[in-house]
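What follows is a set of notes on a single structure, which appears directly below.
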C-alpha cells in the first residue's frame, strides 16, 4: 500500500483586495456624509470703555491672609475666627459691600476656605484675588 505524502507547500492565500476595496469605500462614505460644523468661540475682545465713570456704590471689604497665617480685615489685624464679626460690623454701615479674600501664596488653604465658607453661609458675596500687586503684603 502506498502512502500519500502530505504536501508541504500547501499554504492558504487570502486575497486582501476585496477587503481593501470595502475599507476605502467606507472611508469615502464617512468623509462625504460627515457634518462639518463651525464651532463658535468666545469673543475675547474687551468691551469698549464706558463714558460714565464707575460708581463706587458697592465698597469692597478686603480680607488678607499672610504667609505667617495672620488675618487682616481692611488692614486691621484679627483672627480667622473673628473675621465674620468684623465683616458683619462693616456691612452694618455699608450693607451692599462684598468681601474680597486675598491670600498670600504661602498662606494655609484651610484659613482661606474657612473664611470663604463663613461668608457663603451668611449670604455675603465673596471672591478670591490671587494678585498681590494691589494690596498690602
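The values are calculated or read from the model by the stated rules, or taken from the named source; none is laboratory data. The shown structure was predicted, so the numbers you read here are calculated from the model rather than taken from an experiment. Note: ideal-geometry Cβ built from the backbone for every residue, glycine included; neighbour counts use all protein chains shown.
Within the stretch 12-60, restricting attention to residues that are surrounded by 10 or more Cβ atoms within 10 Å (Cβ to Cβ) and under 30 Å from residue 97 (Cα atoms), which residue is modelled with the highest pLDDT?
Of everything passing the filter in the stretch 12-60, 60 is modelled with the highest pLDDT.
Search the stretch 76-88 for residues that are without any contact (Cβ under 8 Å) to a residue 40 or more places away in the chain and pair each with any residue that is assigned to a strand (DSSP E or B) and surrounded by fewer than 18 Cβ atoms within 10 Å (Cβ to Cβ) when their beta-carbon atoms are under 9 Å apart and the residues are at least 6 apart or on different chains.
Listed by first residue and then by second, the contacts come to 85/78; 86/76; 86/78.
For the stretch 84-107, name all the residues that are in contact with a helix residue (DSSP H, G or I) (Cβ under 8 Å, 6 or more places away or on another chain) and under 18 Å from residue 121 (Cβ atoms). Don't jump to the end; show me each part of the working.
Taking the stretch 84-107 as the starting set, the residues that turn out to be in contact with a helix residue (DSSP H, G or I) (Cβ under 8 Å, 6 or more places away or on another chain) are 84, 87, 97, 99, 101, 103.
Of everything in the stretch 84-107, those that are in contact with a helix residue (DSSP H, G or I) (Cβ under 8 Å, 6 or more places away or on another chain) and under 18 Å from residue 121 (Cβ atoms) turn out to be 84, 87, 97, 99, 101.
From the list 90, 124, 101, 115, which residue is at pLDDT 85 or above, part of a helix (DSSP H, G or I) and under 25 Å from the mean Cα position of the chain (by Cα)? Show your work before the answer.
On the way: 90 fails: under 25 Å from the mean Cα position of the chain (by Cα); 124 fails: part of a helix (DSSP H, G or I); 101 fails: part of a helix (DSSP H, G or I).
Within the list 90, 124, 101, 115, the selection yields 115.
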